[in-house]
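Scroll down for the structure; my scribbles are underneath it.
The values are calculated or read from the model by the stated rules, or taken from the named source; none is laboratory data. Please read all numbers here as calculations on a predicted model, not as lab measurements. All Cβ positions, glycine included, derive from the backbone under ideal geometry; neighbour counts span all protein chains shown. Just the protein is used for accessible areas: all its heavy atoms, side chains included, with ligands, DNA and RNA removed. Shrake-Rupley method; radii C 1.70, N 1.55, O 1.52, S 1.80 Å.
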Amino acid sequence: MTKSKINLIPLSLFVLFFNSCSFQFSEDFFADLEDQGSNALITVEPFEDGVSLNAPRTVSYSFNSDPRHRLYSINVDIDGQGILGTQDRTGSFVVNTDALSEGEHTLRVRYQYSSGTGSLADLNDLERMEGSIAYTFTVDKSSPDPITLTNVDVSEGTIWIRWEDVGQQNFDEALLLVYDPEDNRILRQIELTPEDILAGEFNDALSTNLELEYEIMLSNRYAESTGNRMGISLDYPSLRGQVINDSQYRVLWTEHPLYGNFDLYTYNMRPNNTFVDLSNRGGELIVDDAPVFGQTEVHSLNLQRENDFTYLHFVSGEMHFGETFEAKSGENYVMSTTRNSIFTVVLDGGTTHNAPRDVIIHELDPETLEIVASRNYFTITDSFANLTVDPISNNLILDLSDSTYLIDVNTLEILSSWNAADYSADTHNIHTYYRNGFIILEKLSRESLSIYDANTQNLLYQSNIEYQFFIADDGETFINNNAVYRWDGSTFNEVLAISKIGNVSLHEAFFVPNQGIVVYSNINGNPVIYDYVADTSQTIPQLTGIDDIKYDPVSDKLCMFKRDPDDSSNDIAHLYSLTNGVEKQLKVFVDFSTRYYHYLNEKLISNQGLYLQDYFN
């Protein structure tokens, strides 16, 4: 701060006064004046030398002195450009950084006031004092230094975001941005305080999404910056159903990774649509409702905070009560006990008429149904394929429309093949089967059946097909026109006539390999077990309406299906032991589609890529 004395009496006025007047000095008219010094000063705040500004600042000033000093003026300039001129002892002015260039500037405050000496010049406002204060300051319009995230992790069910130490805090606002990484959408903007920034970490105690990304955005009046982005990817909690019996199932769910950010789940429990509270740490719930295997229903656990109805999100799961496997859409599935594998044939291609389709055989693990081996044989334009285990060689038989193949069960190599054209000139719309030295041609358009000696091509049997045709895997027994026929070494003879009423005949039949029995459903839908070696029959009266029969060579059990009388979209599967009788039942979903079920290795298998290993074994 500098001060100087200013004398404002002009010299010409002084000379003129003394040339034109005459007077004498008197002791009474003159006194010596003592200069008592000046205690006047001005304060400017908040401001200090060397300050850096990144936004306009309002600055207050105050002129302070004893009564001897009268203020004449205060003038403020920046780099010589005036911004204030006033006679007020107190007030304020704005250092407008918007109008200044980035870099160094000088603020100067000048003020004039009376000397306070009591002299004639002082009394006539002709003797003044002047003071000044100068400050050097910097205008900073640069963007804030970005903050670098170092870690995003989950501890005790909540999210912690951490970052490097922050140096210069040249920002006005700090926002923690929370993104959905799938679509780069900002989910939330969390305002961080200066204390948060200095702490170097923040607890996001509200987010419940399992895929998140974070970054910190800093901004000041002139620019903004964003640091690096880091995120989390957490495992989705599982929600599944487990069959207990035909009238109960268990809902099982796992712990939510962000259990600390909400309080509980709510779950809509079937069949009465009752909402119940469930733990977000995982658990199980028993539901008194009939499970339906294969019916994919989406069940949801809704995330909720106590006394807070803010929508969060939900954990959902497809509850079909089964495990999934890849080799779905198989035309049928068979079990090789010698190889201890399940096999299926798949027609891979278009679904329209005469679309090209690859014929593929998959070998599946008997426990998990994972594919362990595959072979693509050729492309056909038909839609029929069937796989059978040959009880004679224990290899596989692949039946197509106009050809049939013996497949090595270990290598999936073709061992032998037979073409329908070698046995009949008419091969249009037929199915061709090989069974133990017999070639069977089932002509669908003419509803006729022809059986040949595979080696000599001699015709051994020929008839129309009035109802349905079924043949044993060994080729020596078949059902046609409601009668059972057996091979006696030279011809096929009828051994049993099956009852029918008008056009109502048997619905389904299955020959149990190597046991000399066939199980068929009679005109009432009752299963009948016929021992064609002993020529004895046993009817199962407690089962009715059976329209599909499967057999598991591992458990030696039958699985028989009937339409659910209460729901036409379901079947009821009955598990039947050949030694113990009816054991269990379970609803399965069919919905009038191409859903088929098999029972192999004590597993209920759906061609929709599902298998059930709980309860039904």
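Going down the table (Lys328/Lys443; Lys557/Lys603; Lys550/Lys587; Lys443/Lys603), which pairs top 23 Å between alpha carbons?
Lys328/Lys443; Lys443/Lys603
Roughly how many Å² of Leu84 are accessible to a 1.4 Å probe, to the nearest 10?
Here the residue's solvent-accessible area equals roughly 40 Å².
For Phe293, Phe589, Phe275, give the ranking by accessible area with the largest first, probe 1.4 Å.
I get Phe275, Phe589, Phe293, largest accessible area first.
Give me the Kirkwood hydrodynamic radius of region 546-617, using the inverse of the mean 1/r over all pairs of distinct Cα atoms, in Å to one decimal.
With all distinct Cα pairs of region 546-617 included, I get 12.2 Å.
Restricting to DSSP loop positions (anything but H, G, I, E, B) with no more than 16 other Cβ atoms inside 10 Å of their own Cβ, which GluC sites (Glu not before Pro) remain in region 271-329?
Of the GluC sites (Glu not before Pro), the ones in loops of region 271-329 whose Cβ has at most 16 other Cβ atoms within 10 Å are Glu306, Glu326.
Quick one: Cα centre-to-centre distance for region 45-82 and region 477-493, in angstrom?
For region 45-82 versus region 477-493, the Cα centre distance is 119 Å.
Please state, to two decimals, what the Cα-based radius of gyration of the chain comes to when divided by 2.2 N^0.38 Å (N = residues).
For the chain, the normalised Cα radius of gyration is 1.94.
Quick one: net charge of Leu107's neighbours, Cβ under 14 Å, K/R +1, D/E -1?
-3
List the trypsin sites (Lys or Arg not before Pro) within region 208-275 that DSSP assigns to loop and that have no more than 16 neighbouring Cβ atoms inside 10 Å.
Answer in residue order: Arg221, Arg229.
Helix-only estimate, please: 222 nm mean residue ellipticity of the chain, summing -39500 (n - 2.57) across DSSP H runs of length 4 or more and dividing by its residues, to the nearest 500.
Estimated from H runs of four or more residues: -1000 deg cm²/dmol.
Express the relative contact order of region 502-617 as a whole percentage, based on alpha carbon pairs under 8 Å and six or more residues apart in sequence.
15 percent
Separation between the Ile414 and Ile186 pseudo-spin-labels, each 7 Å from Cα along Cα→Cβ, expressed in nm?
Each label point is offset 7 Å from its Cα along the Cβ direction, giving 6.5 nm.
Distance from the Cα centre of region 302-368 to that of region 428-466, in angstrom?
The distance from the Cα centre of region 302-368 to that of region 428-466 comes to 35 Å.
Provide the net charge surrounding Arg305, with neighbours chosen by a C-beta distance below 13 Å and charges set as Lys +1, Arg +1, Asp -1, Glu -1.
Local charge sum for Arg305: -4.
Using heavy-atom solvent-accessible surface (probe 1.4 Å) with all chains present, what is the largest-first order of Asp145, Asp426?
Ranked from most to least accessible, the order is Asp145, Asp426.
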